[in-house]
Amino acid sequence: MEKKRERYDVVIIGGGAGGLTAGIYCGRARLKTIIIEKALVGGLATYTNEIENYPGFPEGATGLGLMELFHKQAKKFGVEFKLTDVKAVRLDGEIKEVETFRVIYEARAVIVASGGKPRLTGAKNEENYLYDKGISFCATCDAAANTDKTVMVVGSGDAAIEEGMFLTRFASKVIVSVMHEEGVMDCNEIAKAEALQNPKMEFIWNTVVDSFEGEGRLDTVVLRDVKKDELLPVKVDTCFLFIGYLPNTELFKGMLEMNRAGYLITNERMETNLPGVYAVGDVRDKFLKQVATAVGDGAIAGYGAEKYISESETYERQILNHGAPSLVYLWNAVDEGCRALLPVIESAEEALAGQAAVTRVDIYKSDGIARRLGVQEVPAVVYIRDNQIQQVLSGDITLDKIKAMVK
Ligand SMILES: Cc1cc2nc3c(=O)[nH]c(=O)nc-3n(C[C@H](O)[C@H](O)[C@H](O)COP(=O)(O)OP(=O)(O)OC[C@H]3O[C@@H](n4cnc5c(N)ncnc54)[C@H](O)[C@@H]3O)c2cc1C
């Protein structure tokens, strides 16, 4: 069965903090925008009980509550949502394709905001107990079901310890498996001090998970003491894994540049190696993965996508001029030398009337057209015909030289 095709200005893959923010910016710029989300709109942040470091919420906010506000704001600006999995992408070329089970979405710009997924321990039998069978990645989701029970947290980073402390509000005991020496943890010092004083938290140092056991549902986590090389079975009702995340980038392998761990590489404009394709949030290689930084990335990509699309339109219509001769003066409004050449360009426009269309592009406002033309230094005059660059004039630009180019 042939898939239906739908056309958008922008397709955003992933509806977490980064994707929703990009959506708000695109929607507000009146771009026809769709966010495709395979699980829950709001993404990873909805898994977090309390977000205390997102500005504007001095009393803190629940991850779910905060993401509901983002979602509402995106919908207010006309962003459409589709709850389905993106199966394949074709991202080179002017019109990009994002394929789901039933539909191929076409767009001029694509923003990848697919975040990450929890890392597994790799211990024996792990696959048999994931999610509703006893291994959880979400304290907010599964804390209440563990009221007065014994749970284990694996990991000692910020997420592990903060979520572990949250679990002590429900569980009678939270056993934390830490792979480091006694007292050594990966979390921040404040969280560490609080956790070590929490009477409901018990730490088992120098351990990693060897296997998960239980009849149908998990009931025992077998830890291995890496110093003594001894096995230590621990009875638990649920085991929470907080040992890091892996990027959701399988779809983009061979297409988008990534680092060795699979995170997408962008510049500070969130541009990937392909024109019109942006990456934001946890999926990209960056220093700090948080809601606040995903929001910043989303804002930049949304703004960039809007600029890219309007520049594409100008480029096709005005610069390429449907194959007819076209002269482009690339200049910088704040540069004296560029301004001094404006009368020369005006004279060229008069002299070449009927022979070539003349366009002035101020790179101070936007350098996208210059980048498409491969021009790095201004002032420059580019002559285009048959949709191809014929000649680039820079340095000593005169009326005679411009006229000679067009002949
Ligand atoms: C336990 C925990 C606690 C945290 N606490 C805090 C905190 O206190 N403060 C803070 O600022 N940050 C916190 N973070 C980090 C924060 O949640 C993330 O940095 C943020 O959610 C990243 O947003 P994102 O949009 O980049 O990605 P995500 O929120 O991961 O969203 C990506 C979305 O893309 C979707 N997706 C992936 N692949 C596809 C596909 N093929 N098709 C369609 N959809 C797809 C996913 O389903 C997901 O919803 C915490 C994270 C965790 C795990």
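Read the figures in this text as sums done on the coordinates, not as results from a lab. Being a predicted model, the structure only gives us computed values, none of them experimental. All Cβ positions, even for glycine, are placed from backbone atoms using ideal geometry, and neighbour counts span all protein chains on display.
In whole Hz and in residue order, list the ³J(HN,Hα) couplings for the stretch 219-226 that follow from phi through the Karplus curve 6.51 cos²θ - 1.76 cosθ + 1.60, θ = phi - 60°; x for Gly and Pro.
Coupling constants for the stretch 219-226: 10, 9, 10, 8, 8, 10, 6, 6 Hz.
Provide, for the stretch 126-241, the number of lysine pairs with alpha carbons under 12 Å apart, each pair being eight or more places apart or on different chains. Could the numbers behind the result be given before it?
Working: 149/173; 149/200; 149/235; 173/200; 173/235.
Value for the stretch 126-241: 5.
Separation of the stretch 256-306 and the stretch 231-246 by C-alpha centroid, Å?
31 Å
Mind giving me the nanometre distance, one decimal, between the label points for residue 99 and residue 391, set 7 Å out from Cα along Cα→Cβ?
Going by the 7 Å Cα→Cβ label model, 4.6 nm.
Give the peptides 357-369, 320-332 in descending order of average Cβ contacts within 10 Å, highest first. Kindly include the intermediate steps, with their values, before the conclusion.
Numbers: 357-369: 17.5, 320-332: 19.5.
Descending packing order for the listed peptides: 320-332, 357-369.
Show me 341-349, 39-47, 80-88 ranked by packing, highest mean number of other Cβ atoms within 10 Å first. The partial results should precede the final answer.
Working: 341-349: 16.6, 39-47: 21.1, 80-88: 14.3.
For the peptides 341-349, 39-47, 80-88, the packing ranking is 39-47, 341-349, 80-88.
Find the cysteines in the chain that fail to meet the 4.7 Å Cβ criterion with every other cysteine, and list them.
Isolated Cys, the chain: 26, 187, 239, 338.
Just want to confirm a number: the relative contact order over the chain, from Cα pairs under 8 angstrom separated by 6+ residues, in percent. Working shown, then result.
On the way: 883 pairs, mean separation 61.2, N = 407.
RCO, the chain: 15 percent.
Taking the simple approach of a point 7 Å from Cα along Cα-to-Cβ for both residue 335 and residue 213, what is their distance in nm?
7.3 nm
Compare the peptides 239-247, 89-97 by average per-residue count of other Cβ atoms within 10 angstrom and give them in order, highest first.
Values: 239-247: 20.8, 89-97: 14.7.
So the peptides 239-247, 89-97, ranked by packing, come out 239-247, 89-97.
On full extension of the chain, what length is gained from residue 364 through residue 124, given 0.36 nm per residue of separation minus the C-alpha to C-alpha distance?
Values: separation 240, 0.36 × 240 = 86.40 nm, distance 5.87 nm.
Between residue 364 and residue 124, full extension yields 80.5 nm more.
Tell me, what HN-Hα J-couplings in whole Hz come from the Karplus equation 6.51 cos²θ - 1.76 cosθ + 1.60 at θ = phi - 60° for each residue of the stretch 281-286, using x for Gly and Pro?
x, 5, 6, 9, 6, 8
Any chance you could give the angle, 0 to 90 degrees and rounded to 10, that helix 291-314 forms with the longest Cα principal axis of the chain?
Orientation of helix 291-314: about 20 degrees from the principal axis.
Which length gain, in nm to one decimal place, applies between residue 180 and residue 76 when the Cα-Cα distance is subtracted from 0.36 nm times their residue separation? Please report the intermediate quantities before stating the final value.
On the way: separation 104, 0.36 × 104 = 37.44 nm, distance 4.79 nm.
Extra length from residue 180 to residue 76 when fully extended: 32.7 nm.
In the stretch 321-406, what percentage of the DSSP-assigned beta bridges are antiparallel, given to the nearest 5?
Values: 11 of 17 bridges.
Roughly 65 percent of the beta bridges in the stretch 321-406 run antiparallel, per DSSP.
Multiply the residue gap between residue 371 and residue 40 by 0.36 nm, knock off their C-alpha separation, and tell me the result in nm, one decimal place.
115.4 nm
Tell me, what HN-Hα J-couplings in whole Hz come from the Karplus equation 6.51 cos²θ - 1.76 cosθ + 1.60 at θ = phi - 60° for each residue of the stretch 356-362, using x for Gly and Pro?
8, 7, 10, 10, 9, 10, 8
What aspartates and glutamates sit close enough to residue 32 to cross-link, taking a C-alpha to C-alpha distance under 16 Å and skipping anything fewer than 8 places away on the same chain?
6, 9, 80, 97, 106, 306, 313
Can you list the aspartates and glutamates whose alpha carbon is less than 20 Å from that of residue 407, not counting same-chain residues fewer than 8 positions off?
346, 349, 350, 386, 396
When only C-alpha pairs under 8 Å and at least 6 residues apart count, what is the relative contact order of the stretch 321-406, in percent?
41 percent
Taking amide H positions as placed 1.01 Å from N in the peptide plane, with prolines and chain starts having none, which residues 5 or more places from residue 236, or on another chain, fall under 5 Å of its amide H?
Amide H to amide H, under 5 Å and 5 or more residues apart or across chains, residue 236 pairs with 220, 221.
Which far-off residues, 5 or more places away or on another chain, put their amide H under 5 Å from the one on residue 361, with H placed in the peptide plane?
329, 330, 331
Under a plain spin-label model, where a point goes 7 Å from the Cα along Cα-to-Cβ, how far apart in nm are residue 141 and residue 318?
In this crude label model, residue 141 to residue 318 measures out at 4.9 nm.
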